[in-house]
Structures are given as C-alpha cells and as structure tokens.
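Below is one structure; the comments refer to it alone.
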Ligand SMILES: NC(=O)c1ccc[n+]([C@@H]2O[C@H](COP(=O)([O-])OP(=O)(O)OC[C@H]3O[C@@H](n4cnc5c(N)ncnc54)[C@H](O)[C@@H]3O)[C@@H](O)[C@H]2O)c1
C-alpha cells in the first residue's frame, strides 16, 4: 500500500489529537508541521518526531505531501485550505471551516475544480449516538423531522481567554462559531441539510469582567503563546432558524452563563423523537409510541475516540477515492447559518435568505 504523507498546519492543542490519530494508522506518516510560534513548533515536532518544520505555512505546501491537516486559528482556515487544495493536497480542516459563506463556497469550489478531497473536522458526527440517530433517520424510524433544538452550553470558563479564541478578527466570533458550530453541524447532518430561509439571532457578552480561562487549549500545549488580553466576542449566542420545508431549529451556545451545561440535541419526528444530552445518564433517549402509549427508551454507548474515527474516515476517503462524510452543501449551510445569526444579532433584525 502506498504510504500517505501528512503535513499539519498549526501546532496547538488540537494538533496533538490529529497527529496521534494519524500515527496510529498503518502506512501513514506525519512528515511536516508548520506554526509561526517557533517554540511550539519545536515542542510538537520533537514530541512526535516530525522532521520537517516550517515557520511559514506556505512553505509546507511545497513539500511532496498527500494530506494537509489544518489546525490553525479560524481566520486562516479558508485561505490555507484553498492553497493546500491548489497545491495538490487533500485537506481535513478543523471547525469552523470558514468565517463566512463566501469563504465556504470558495473552498467547496476549489475542491471540485482540483478534484482533491476536503473534509470539515466534525468529530461529533463519529460518536456512536450520532450514528445511531442517523440510522434511525435514514431508516424512516423517526418519520418526518420538523423541529429541533441544539445547544452547547458552558457555565464559566472561556477557551483561550485573551488569545485568538476571544479575538473577533481571528476567531470570527465566540461560542457560536467555536462550539455551537459542532452541534449545528450535527443537527444539519441529521436533519438532512434543509435550506435556511429565515434566521433570528441574538448575542450577549455579560461575563467579560468575570471571565475565567476555561482550560482549553490544554495548558501544557500553550508553549510560547503570547496572549494579548483581547475579548471582543460574545459569551452567549442563540438563533432561531426556519428552513424552506417549514422545519425549524433552535440553536444556542455559551462559554459562560447561569444555566444547565453540556451538549444537547433534540429532534422531533412524527414517528419518534430523540434527545442526546451529555449530562444525562444514559445520554440518549428515544421518545416512541407502543400500542398508543408513549414509551421511552434510553441507551448508553461505550465511549469512542472520535478524533481517531474522524481521521481514519478521511484517510480511507483518500485511499479509496470516496466522498468524505461532510457534504459540500452541509458545509456551506452551517457557515451560512452562523454568519446570519451574527448578522441578525448585530442589526437587531431577522435575516431572510
Ligand atoms: N474539533 C474539536 O473538537 C476542536 C477542539 C479544539 C479546537 N478546535 C479547532 O482547532 C483549531 C485550532 O485550535 P487549538 O485549540 O489547537 O488552538 P491553539 O491556540 O492551541 O493552536 C493554534 C495554533 O495555530 C498557530 N497559528 C497562528 N497563526 C497561524 C497561521 N497563520 N498558520 C498556522 N498556524 C498558526 C498558533 O501559533 C497556535 O500554535 C481552531 O480552529 C479550533 O476551533 C477543534
């Protein structure tokens, strides 16, 4: 089997999970890495024995690599994905894959034009509960899904407080684009990618003066980082989205707030409903009906390394020339919804698409 050569752009917290996953796959080698922070570049390269190191990300694209894994701050994702695709590489890019719809479209178009593969790194799709719900949807066991609720809520603790995470021009926003994007992607995937037509969004920043660092990226990975202290993004955002087929979704994401926490998705179908909530035991609940009576079923799955499953899936797509799980229209829809929740929050008006 041909050995696949991988290069990683961005040597921060998430890169460790990508590299560890690639290294566990036979005939895959992580050969090169790039990060403008030379101290961190050396730290990660030495930890994983990566020989080629580049301070400038453009230089890694000159290497004879098959796959580029993009783990840089959000604002660079589109530019780096497009350049990597054009340089003949297949690309797996961390979420959010872009800051706005135009960027997302440009990535999708470049992947199409070049014939190289592009996948958004949406690890939650690979969780066993997600795949279980997906099977229920595909087998018609939920009937018509007409309403959904998706939330990703934290109580206190801002990731990378005072770093690129909390700097609008580098992150694109706060919890909505950081963690809300995960649960929104899952909802769009499970609901069959309906087309949004009306979006109402709100955003708040109430914990600016009480914010505490949430511990991500892992402290040990922050080698040589120089935080600026900027915090100009929201700490909570929510959106109400009506789709063209009259399906609706309520979405909320917070880094701080006085509320329940965790990741939760509820889908209402005409035959059954599902709720997955990380904080409930067992986490998956199916609301069904038997002989005219409501019947609830609860399930728990063994935990899985979703990063490993995600990276293995992408490597298999490259090897077998198959399409990655993240479809172009899903990628664009997710970013379009986020962009327009922010737009609606800013203008105070609903957005009709
Ligand atoms: N899928 C997940 O569960 C998950 C979890 C955490 C982070 N992420 C995503 O991964 C990405 C990286 O997050 P992180 O937590 O590793 O952040 P991090 O701050 O730990 O790492 C980012 C790294 O990128 C480097 N960098 C800055 N500018 C760059 C540039 N122009 N080119 C290349 N590298 C550059 C920084 O020096 C830093 O080392 C983000 O997009 C984030 O949303 C995904």
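What follows is calculated from the coordinates using simple rules that are stated; it is not laboratory data. Every value quoted in this text rests on a predicted model; they were computed, and no experiment measured them. So basically every Cβ, Gly included, is an ideal-geometry build from the backbone, and we count neighbours across all protein chains shown.
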*Theoretical FRET efficiency, 1/(1+(r/R0)^6), r = Cβ-Cβ of residue 51 and residue 106, R0 22 Å, to 0.05*: 0.10
_Suppose each label sits 7 Å from its Cα in the direction of the beta carbon; what would the residue 226-residue 261 distance come out to in nanometres?_
3.3 nm
*Could you state the number of Å between the C-alpha centres of the stretch 16-62 and the stretch 225-295?*
35 Å
*Separation between the residue 147 and residue 279 pseudo-spin-labels, each 7 Å from Cα along Cα→Cβ, expressed in nm?*
2.2 nm
*Could you tell me how many degrees, from 0 to 90 and to the nearest 10, lie between the Cα long axis of helix 128-138 and the main elongation axis, the longest principal axis, of the Cα atoms of the chain?*
60 degrees
*the stretch 78-118 - Rg (one decimal) and Dmax (whole number), Cα, Å*: 8.9, 24
*Once you put a point 7 Å from the Cα of residue 23 and another 7 Å from the Cα of residue 139, both along the Cβ direction, what distance in nm separates them?*
3.9 nm
_Prolate/oblate/rounded call for the stretch 213-353, Cα gyration tensor, a/c under 1.5 rounded_ = rounded
*Where Rh is the Kirkwood radius over the Cα pairs of the chain, the temperature 25 °C and the viscosity 0.890 mPa s, what D in µm²/s does Stokes-Einstein return?*
117 µm²/s
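I'd like the Kirkwood hydrodynamic radius of the stretch 4-121, using the inverse of the mean 1/r over distinct C-alpha pairs, in Å.
13.9 Å
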